[in-house]
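The values are calculated or read from the model by the stated rules, or taken from the named source; none is laboratory data. Given the structure is predicted, the values throughout are model-derived calculations rather than measurements. No Cβ is skipped: glycine too gets one built from the backbone with ideal geometry, and neighbour counts run over all protein chains shown.
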Amino acid sequence: MAKKKKLTYTSLLDNKDIHSGYEQALETVRGEFGQHYPLFIGGRRVAAIEDFETRSPIDTDLVIGTFQKGGETETRSAVAEATESFPAWRQTDWKERVRIIRAVADVIEKQSFLLAALMTYEAGKNRFEALAEVCEAVEMLRYNCTTYEERKGFTIPMSEVTGERSISTMQPYGVWAVISPFNFPLVLAAGMVSAALLTGNTVVFKPTSKAPLTGLKLYAASVKAGVPGGVLNVITGPGAPFGAVVVAHPNVAGIAFTGSRDAGMWLQRNFSVRQPYPKPFVAEMGSKNPAIVTASADLDKAVEGVLKGAFGYSGQKCSATSRVYVESAVAPEFIERLRAATEKIVVGDPRKSDVFVGPLIDSAALAKFTDAVKDGLQDGGTVVAGGTVLRDGVWNRGCYVRPTIMTGLPRGHRLFEEELFVPFLLVDAITSLEEGLREANATEYGLTAGIFSEDDDEVERFFASMQFGVCYANRRGGATTGAWQGERSCWKRSWRAVLPTLFCP
């Protein structure tokens, strides 16, 4: 029997079977909008004193729902429930925990189209990226289960050198606070939550306030699959009161966070000083991801990979390509071809099958975009493509912008250093691969990086030199994006990803 092809961010673009199911799901999901949603603490539906409304970034006239503003009182209650549920969950056989998390993956897989349609409405993702995220979430859950299973619950017999029997075993910590971002509201939440639950920890989960319904759907799938209510608790609402409780609460054993640098650094600093002893803090706080294009590059690959890496999901990815260093010999041709390809990108309502770039998530993101264009132009930059806000017709009820390429900025400019989270790409000419490696590494971030080169030695030097966690070569599907857990490939004439596995204890 032929092996079923995985649906990933690249393979979905060639899959024609998705459209009818997705479009039907758009109508089904829309019919559920406008409801009031509770918190879930100890398996109970809980109302807070205040609530808040979310609207679709596609069309701000469309109300997704009304959600609870969980505050410090609700967060403390959730920590108490998770603390009370911890002993029983910890003692649950690890094989049973694996079975339950695999069942969560099964529930999500059956809801693939509905969850993808919801993310299109909540986060503004086009159909391919939304469906791929659901597939990735399913894969992430199963990968975590398989990893834990292969390591036999992290209980490992040691050699009996002295005749004594010894076992190395990893034990759960206790209550984990899990905080997820808007740009991958399902897969990043599922990855962090499942890792904590698999290993016997209990969770207080705060989904992003920009896509809270997706977070609640993950909770519902977990409970349906058998996760006890007190083991997984959900607090929606603003981050400040939640953060104030979890950094100081003595029963919070660890924090898993994905989000902005500023929020992550605040959590880390406060958690380290307000707890009675050191506790684990696992975080991913974005990046300023570079790609290098050498004179030996296949420019067809480079243009396609950079375009997808920079402008997929409107640049709102921690792994988005935001800096490109191109050898001078091919820089004019590369820039011209990238400009032409960028200007062909369809920007609009991501529910439409031909749309690649949808809206920015909100007006704050729009302000970052306009400030970047303004500052770049004032400081000597040249807009090669884009640079404009789209305001009329199909774009008049959301934050839509043209994907933007800028050249000519001096190195050291803030736009080379600050993560923007918008479709804004800087291109800079270099004289050699060594110069490109040096400039690419000149950042406090270190998430993803890519190279386009047909020279095997150059590719090896890139992998040996880059100080980034996930590195790619010659990846058409995204210069610095799209790592898929468990994927194995050869870099030669293709691509390679170096992906460290993050597995919460």
**OP:** For residues that are in contact with a Ser or Thr (Cβ under 6 Å, 6 or more places away or on another chain) and assigned to a loop (DSSP other than H, G, I, E, B), scanning just region 61-85, find the one that is surrounded by the fewest Cβ atoms within 10 Å (Cβ to Cβ).
**Re:** L62
Subject >> Count of residues meeting criterion [within 18 Å of S287 (Cα to Cα), buried (at least 16 other Cβ atoms within 10 Å of the Cβ) and not small (G, A, S)] in region 464-479 >> reply: 5
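With the requirement that a residue be part of a helix (DSSP H, G or I) and without any contact (Cβ under 8 Å) to a residue 60 or more places away in the chain, what does region 335-349 give you?
Correct list: E336, R337, A340, A341, E343.
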Original post:
Right, I58: part of a loop (DSSP other than H, G, I, E, B) and touching a residue at least 40 places away in the same chain (Cβ under 8 Å) or not?
Top reply: yes
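Residues are listed down the side, and each one gets a yes or a no for (1) part of a helix (DSSP H, G or I); (2) within 23 Å of the chain's Cα centre (by Cα); (3) aromatic (F, W, Y); (4) farther than 20 Å from A211 by Cα:
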{"site": "H249", "(1), (2), (3), (4)": "no, no, no, yes"}
{"site": "A263", "(1), (2), (3), (4)": "yes, yes, no, no"}
{"site": "W266", "(1), (2), (3), (4)": "yes, yes, yes, yes"}
{"site": "N270", "(1), (2), (3), (4)": "yes, no, no, yes"}
{"site": "P278", "(1), (2), (3), (4)": "no, no, no, yes"}
{"site": "A291", "(1), (2), (3), (4)": "no, yes, no, yes"}
{"site": "G305", "(1), (2), (3), (4)": "yes, yes, no, yes"}
{"site": "V324", "(1), (2), (3), (4)": "no, yes, no, yes"}
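For region 187-202, give me the residue count where each residue is assigned to a loop (DSSP other than H, G, I, E, B) and under 9 Å from the mean Cα position of the chain (by Cα).
Taking region 187-202 as the starting set, the residues that turn out to be assigned to a loop (DSSP other than H, G, I, E, B) are 199-201.
Now restrict to residues that are under 9 Å from the mean Cα position of the chain (by Cα): none.
The total comes to 0.
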Original post:
When both residues are 6+ apart or on different chains and their Cβ atoms are under 7 Å apart, which pairs have a first residue that lies in region 212-227 and is in contact (Cβ under 8 Å) with a residue 60 or more places away in the chain, and a second that is among the small types (G, A, S)?
Top reply: L213/G65; L218/A189; L218/A190; V223/G229; A225/A103; G226/A103
Original post:
Looking at region 380-466, what helices (runs of 4 or more DSSP H) fall wholly within it and have at least 3 residues that are not assigned by TED's automatic domain parsing to the domain that holds P332?
Top reply: none
Original post:
Does A310 count as of a type in the set (A, V, I, L, M), surrounded by fewer than 24 Cβ atoms within 10 Å (Cβ to Cβ) and not assigned by TED's automatic domain parsing to the domain that holds L131?
Top reply: no
Subject >> Leading residue by the ranking (nearest to L299 (Cα to Cα)) among those in region 437-462 that are surrounded by fewer than 17 Cβ atoms within 10 Å (Cβ to Cβ) and within 25 Å of the chain's Cα centre (by Cα) >> reply: N441
**OP:** May I ask you to list the residues in region 225-238 that are surrounded by 19 or more Cβ atoms within 10 Å (Cβ to Cβ) and in contact with a strand residue (DSSP E or B) (Cβ under 8 Å, 6 or more places away or on another chain)?
**Re:** G230, V231, L232, N233, V234, I235, T236, G237
**OP:** Could you list, in sequence order, all residues of region 271-298 that are without any contact (Cβ under 8 Å) to a residue 40 or more places away in the chain and either within 15 Å of G478 (Cα to Cα) or among the small types (G, A, S) (or both)?
**Re:** S272, A283, A295
Subject >> Single match in S222, S260 (criterion: of a type in the set (S, T, Y) and surrounded by fewer than 22 Cβ atoms within 10 Å (Cβ to Cβ)) >> reply: S260
